[in-house]
1. Determine which aspartates and glutamates satisfy two conditions relative to LYS3: a Cα distance under 16 Å, and not lying fewer than 8 residues away in the same chain.
2. To the nearest 20 debye, what is the magnitude of the charge dipole of the chain about its Cα centre, counting +1 on the Cβ of each Lys and Arg and -1 on the Cβ of each Asp and Glu?
3. Each residue of the stretch 43-52 in order: what ³J(HN,Hα) in whole Hz does its phi give by Karplus 6.51 cos²θ - 1.76 cosθ + 1.60, θ = phi - 60°, with x for Gly and Pro?
4. Taking N as the number of residues in the chain, what is its Cα Rg relative to 2.2 N^0.38 Å?
5. Along the three principal axes, how long is the stretch 1-139 when you take its alpha carbons, biggest first, rounded to the nearest angstrom?
6. How far apart, in nm, are the 7 Å Cα→Cβ label points at SER94 and THR29?
7. Using a 1.4 Å probe over the heavy atoms of the protein chains, calculate the carbon and sulfur portion of the accessible area of the chain as a whole percent.
8. Once R0 is set to 41 Å, what does the formula 1/(1 + (r/R0)^6) return for the Cβ-Cβ distance between VAL7 and THR248, expressed as a FRET efficiency to the nearest 0.05?
Amino acid sequence: MTKKVTVPDIRATKQNGNRFTLVTCYDYTSATMIEASDIEMILIGDSLGMIMLGYDGTVGVTIEDVVHYGKPVKRGAPSKFIIADMPFGSYNVSVEQGIISANRLFTGIGCDAVKLEGGKRSAGVIRGIVEAGIPVCGHIGLTPQTSSLMGGFKVQGKSIEAVEELLADAKAIEEAGAFLIMIEGVTAAGTQYIRKNIGIPIIGIGAGADCEVQALILHDMLGLYEWAPKFAKKFADLRPQIIDAFNTYHKEVVEGVFPSPEYSYNTKVEGLED
Ligand code: KIV
């Protein structure tokens with residue numbers, strides 16, 4: 001178990017060269033395994049829409065879904081820095097709506113920060129939430145909630161114009177008071193350029209090595225999900241092992257191998273014939 005990192009620890013990575021890791025999590029059992037590991041940070045991501053609920057994307061996830069899946073994560077990983085995602089529709093009406101939604105995550109889960117997508121367009125709501133006392137992480141690049149505007153899940157920052165646009169978004173997020181910014185699905189060179197020109201640390205996911213925090217989706221890095229993007233290294237490949245275990249269990253039951261006496265309660269019952 002590691003000592004819990006704080007907002008100042010995360011901010012300090014910009015100067016001190018420390019590197020942190022983040023994984024997504026949406027359930028108690030996985031949270032207890034992260035708690036037992038050296039990983040410092042958890043995101044209760046709205047990717048739970050695909051991973052836990054079988055949706056096509058993140059749109060459709062509600063603030064109550066994030067609270068529901070987030071509470072057991074907090075119980076299982078009390079010493080990790082937890083960020084909760086603000087789902088689509090929970091902050092795009094007004095600054096007031098964004099503050100109400102952030103309050104719900106902050107008090108309902110007991111998370112340490114909230115994350116929301118969008119650069120310049122989200123600056124007002126970021127400022128409002130920060131002024132309300134809740135630490136905010138921005139999110140730019142390939143933003144899944146609005147991926148249809150980008151023509152799907154496409155790598156961003158492929159031209160100097162596109163990178164300058166991303167930098168303008170990152171600066172707007174920083175100026176609005178966010179302490180951290182997630183950059184997703186952006187060219188490594190583009191991320192490096194943005195990092196050199198902003199004063200807050202970056203969580204990169206599919207954004208190259210030049211980031212203070214690296215993030216991965218838990219089900220991608222463990223090889224549990226049916227599909228994973230190019231950047232998602234499988235640190236374990238559990239899906240085939242789990243399917244093998246299901247098939248071995250099925251075979252042993254069909255063949256009368258399981259449960260053997262070893263897996264049965266063999267105490268003699270008084271009055272019952274052998
Ligand atoms: O919802 C999510 O899991 C995310 C990922 C990009 C980490 O935001």
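The values are calculated or read from the model by the stated rules, or taken from the named source; none is laboratory data. Being a predicted model, the structure only gives us computed values, none of them experimental. Reconstructed Cβ throughout: ideal geometry from the backbone, glycine too, with neighbour counts over all protein chains shown. The accessibility values were calculated without ligands, DNA or RNA, using every heavy atom of the protein model including side chains. Shrake-Rupley method; radii C 1.70, N 1.55, O 1.52, S 1.80 Å.
1. Reachable aspartates and glutamates: GLU35, ASP38, GLU40, ASP112.
2. Working: 25 positive and 33 negative charges, 216 e Å.
With only Lys, Arg, Asp and Glu charged at Cβ, the dipole is about 1040 debye.
3. Per-residue couplings from phi come out as 10, 8, x, 6, 4, 4, x, 7, 6, 9 Hz.
4. 1.17
5. Projected onto the principal axes, the Cα atoms of the stretch 1-139 cover 40, 38, 25 Å.
6. Modelled inter-label distance: 4.4 nm.
7. 57 percent
8. Efficiency computed from Cβ-Cβ geometry: 0.30.
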